[in-house]
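Novice: This is the structure I want to talk about, given as structure tokens.
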Amino acid sequence: HGGAKYRATGRGFVVRHEKFAENYRLYSRSHFVKGLELMVLLICYRLYGSAADDGISYALLSFSMWFLVLSWLFAPFLLNPSGFEWQKIVEDWEDWSKWISCRGGIGVPSVKSWESWWEEEQEHLRHTGFIGRLFEIILSIRFFIYQYGIVYHLNMTTSSRQGIRLSIVVYGLSWLVIGAVLIILKIVSMGRMKFSADFQLMFRLLKLLLFIGCIVTIAMLFYFLNLTVGDIFQSILAFMPTGWALLQISQACRTLVKGIGMWGSVKALARGYEYMMGVLLFAPIAILAWFPFVSEFQTRLLFNQAFSRGLQIQRILAGSKKQA
């Protein structure tokens, strides 16, 4: 793409707790996205791979890759001082929720708004050339190939004798589902702008009709195409990376997407993906924070014994002051 950007990493002995939102901003694109993509591939390898038939073989073949995934996803939080203290966890969640729901705009910094940070993360695409945009699109096509591989293994496809022909039809139907989801997002965003302020009842009726339509569509798929519950989970496993690919392509073709009036839907879809990634990362940390020994183990891991004892005494004194 060309160009460069300074990324401050800090120096020296770090004893200050970094908030979850700050770690998310720093490591989202360089660590978390890649870790989640590799995790999805490992799950698919367990479901469809033929080299590892049992759990022991799978564990022996993939444990190093799972270690890499866990390192990419959780090393920034494991090495963050006081990263498993419950009070810090509550404050981090409130700060992150406020950050991701805040609207951007002129003069709003990226540390205050998710929209401003999202715009900065794709700033390089505004100054790149045709070759750079083309390579972004080509690299995103791998998710579409992955989607077809999942659709090909659905029960509604493998149970038929028509084989590849039916799998291509189902693959086309899956794209119709994706298009329907984008249209629903567009309708909801337009309804929120027109009805949410003055016509709350109309907006809620609109969402109810869309929900009923989705339920009826799923029921028809169960009845006419022999859809199963396992197919639904596999479809989610297929469509989530496909939606991410559509986001990447939309960002590369930003001018065109804005021209057809779909940029608001792209932004809403991107916010949903960021929220899901944040919840997936935050949930294990919050669960571990329930256990006090995890925080003590982290303190002993990061600092020497004298400093760890000082931190424990400081927590006791802080607790006694609050009770007083």
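The values are calculated or read from the model by the stated rules, or taken from the named source; none is laboratory data. All values derive from a computational prediction rather than experimental measurement. All Cβ positions, glycine included, derive from the backbone under ideal geometry; neighbour counts span all protein chains shown. Remember, those area values only see protein heavy atoms, side chains included, never the ligands or the DNA or RNA. Shrake-Rupley method; radii C 1.70, N 1.55, O 1.52, S 1.80 Å.
Novice: Quick one: would you say LEU182 is modelled with pLDDT of 85 or more and outside any loop (DSSP other than H, G, I, E, B)?
Specialist: Values: modelled with pLDDT of 85 or more: no; outside any loop (DSSP other than H, G, I, E, B): yes.
The answer is no for LEU182.
Novice: Now, a different point. Starting from region 39-56, keep only residues that are at negative phi, then list their pairs with residues that are hydroxyl-bearing (Ser, Thr, Tyr) whose Cβ atoms are within a distance under 7 Å, requiring at least 6 positions of separation or different chains.
Specialist: Matching pairs, first to second residue: LEU42/SER62; TYR45/SER62; ARG46/TYR58; ALA52/TYR58.
Novice: For region 273-296, give me each residue that is over 20 Å from TYR27 (Cβ atoms) and surrounded by 14 or more Cβ atoms within 10 Å (Cβ to Cβ).
Specialist: Answer for region 273-296, where residues must be over 20 Å from TYR27 (Cβ atoms) and surrounded by 14 or more Cβ atoms within 10 Å (Cβ to Cβ): VAL294, SER295, GLU296.
Novice: Let me ask you something else. Check TRP117, TRP86, TRP93 and return the single one that is surrounded by fewer than 14 Cβ atoms within 10 Å (Cβ to Cβ) and in contact (Cβ under 8 Å) with a residue 24 or more places away in the chain. Write out each step before concluding.
Specialist: Working: TRP117 fails: surrounded by fewer than 14 Cβ atoms within 10 Å (Cβ to Cβ); TRP93 fails: surrounded by fewer than 14 Cβ atoms within 10 Å (Cβ to Cβ).
Just one listed residue meets the conditions, TRP86.
One line per residue, one yes/no per condition, for (1) within 16 Å of the chain's Cα centre (by Cα); (2) aromatic (Phe, Trp, Tyr):
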site: HIS17; (1), (2): no, no
site: TYR45; (1), (2): no, yes
site: ASP54; (1), (2): no, no
site: TYR58; (1), (2): no, yes
site: LEU68; (1), (2): no, no
site: GLY83; (1), (2): no, no
site: TRP118; (1), (2): yes, yes
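Novice: Taking into account only those residues within region 106-129 that are part of a helix (DSSP H, G or I) and of a type in the set (A, V, I, L, M, F, W, C), which is nearest to GLN251 (Cα to Cα)? Even if it seems obvious, please write down each step before you answer.
Specialist: So the first thing to find is which residues in region 106-129 are part of a helix (DSSP H, G or I), and the list is 114-121, 124-127.
Subsequent filtering for residues that are of a type in the set (A, V, I, L, M, F, W, C) retains 114, 117-118, 125.
Values: TRP114: 16, TRP117: 14, TRP118: 11, LEU125: 8 Å.
Among those that are part of a helix (DSSP H, G or I) and of a type in the set (A, V, I, L, M, F, W, C), it is LEU125.
Novice: Show the residue pairs that are 6+ apart or on different chains and have beta-carbon atoms under 9 Å apart, the first residue being within region 226-240 and surrounded by fewer than 19 Cβ atoms within 10 Å (Cβ to Cβ) and at pLDDT 75 or above, the second being among the aromatic types (Phe, Trp, Tyr) and part of a helix (DSSP H, G or I).
Specialist: Close Cβ pairs satisfying both conditions: MET240/TYR273.
Novice: Still on this structure, I have one more. Which of the residues belonging to region 123-141 are aliphatic (A, V, I, L, M) and over 19 Å from LEU246 (Cβ atoms)?
Specialist: Filtering region 123-141 for residues aliphatic (A, V, I, L, M) gives 125, 131, 134, 137-139, 141.
Within region 123-141, just ILE131 meets the criteria.
Novice: For region 57-83, what are the residues that are polar (S, T, N, Q) and surrounded by 13 or more Cβ atoms within 10 Å (Cβ to Cβ)?
Specialist: The first filter runs over region 57-83 and keeps only residues polar (S, T, N, Q), leaving 57, 62, 64, 71, 80, 82.
Passing the criteria: SER62, SER71, ASN80, SER82.
Novice: Sort through SER159, SER167, SER189, SER196 and tell me the only one that's open to solvent by less than 40 Å² (accessible area, probe 1.4 Å), modelled with pLDDT under 75 and closer than 26 Å to VAL40 by Cβ.
Specialist: Numbers: SER159 fails: open to solvent by less than 40 Å² (accessible area, probe 1.4 Å); SER189 fails: closer than 26 Å to VAL40 by Cβ; SER196 fails: closer than 26 Å to VAL40 by Cβ.
Of the residues listed, the single one that is open to solvent by less than 40 Å² (accessible area, probe 1.4 Å), modelled with pLDDT under 75 and closer than 26 Å to VAL40 by Cβ is SER167.
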